[in-house]
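Worksheet: one structure, shown below.
The values are calculated or read from the model by the stated rules, or taken from the named source; none is laboratory data. Not measured: the values here are computed from a predicted model. Cβ sites come from the backbone with ideal geometry, for glycine too, and all protein chains shown count toward neighbours.
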């Protein structure tokens, strides 16, 4: 079973995806962290990400196919951040079909713009490990010095607003298209983490028979 998680930045997709992976043993693919790893050896990509720009569809899909084909992994995946445009989705469908799997469920986490800004302003990265935390929704564990965590350039207000505009322009039409072809469930993402997690666990559990 393949699941796509969609939502604006700061909606808690990563937190909920990790909880679902722990429960159902899915593989978690988070495009943001994946791209940042790729960008470690690509100055142009690193600069583009820091400015809050989206990676072009062709470039993004080439990264993804190379990654999954190398791992020979095509099912029981939670996708977070890909596909996020109609062009990416058309490629994604063909790619999955060629490997005899499909996208089975789409979960849309909805939060307001003001909540997005509030949450992202609290996001921090550990410069020594690359681990990402959120002081509100996903705080660092004991032993991590919060004073040493840093605010990334793409989590600053001007970059957040740019990314939200891109989300509205590109991702919302994608959701409309997905509703025509697969099961899409919209979830209120402003509730407590454990409440959302319980709902998603029940939704996924019903569909995988666990």
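Summary of computed values
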read-out: Options 117, 101, 108: the member that is surrounded by fewer than 20 Cβ atoms within 10 Å (Cβ to Cβ) and closer than 19 Å to residue 14 by Cβ; value: 117
read-out: Residue check for residue 122: within 21 Å of residue 5 (Cα to Cα), in contact with a strand residue (DSSP E or B) (Cβ under 8 Å, 6 or more places away or on another chain) and surrounded by fewer than 18 Cβ atoms within 10 Å (Cβ to Cβ); value: no
read-out: Enumeration of residues in the stretch 64-87 that are in contact with a helix residue (DSSP H, G or I) (Cβ under 6 Å, 6 or more places away or on another chain) and closer than 18 Å to residue 17 by Cβ; value: 78, 80, 81, 82, 83, 84
read-out: First in the stretch 66-77 and within 15 Å of residue 3 (Cβ to Cβ), second anywhere and in a loop (DSSP other than H, G, I, E, B) and modelled with pLDDT of 90 or more, Cβ under 6 Å, 6 or more apart; value: 74/99; 74/101; 75/101; 76/26; 77/2
read-out: Residue among 142, 110 that is in contact with a strand residue (DSSP E or B) (Cβ under 7 Å, 6 or more places away or on another chain) and modelled with pLDDT of 85 or more; value: 110
read-out: Sole residue being under 24 Å from residue 40 (Cα atoms) and buried (at least 16 other Cβ atoms within 10 Å of the Cβ), chosen from 196, 150, 160; value: 160
read-out: Elements of type helices (runs of 4 or more DSSP H) contained in the stretch 1-93, each with 3 or more residues being more than 17 Å from the chain's Cα centre (by Cα), exposed (fewer than 15 other Cβ atoms within 10 Å of the Cβ) and at pLDDT 85 or above; value: 57-71
read-out: Checking residue 101 against (1) within 17 Å of the chain's Cα centre (by Cα); (2) modelled with pLDDT of 80 or more, the condition it does not meet; value: (1)
read-out: Any chance residue 82 is closer than 14 Å to residue 4 by Cα and free of Cβ contacts under 8 Å to residues at least 40 places away in the same chain; value: no
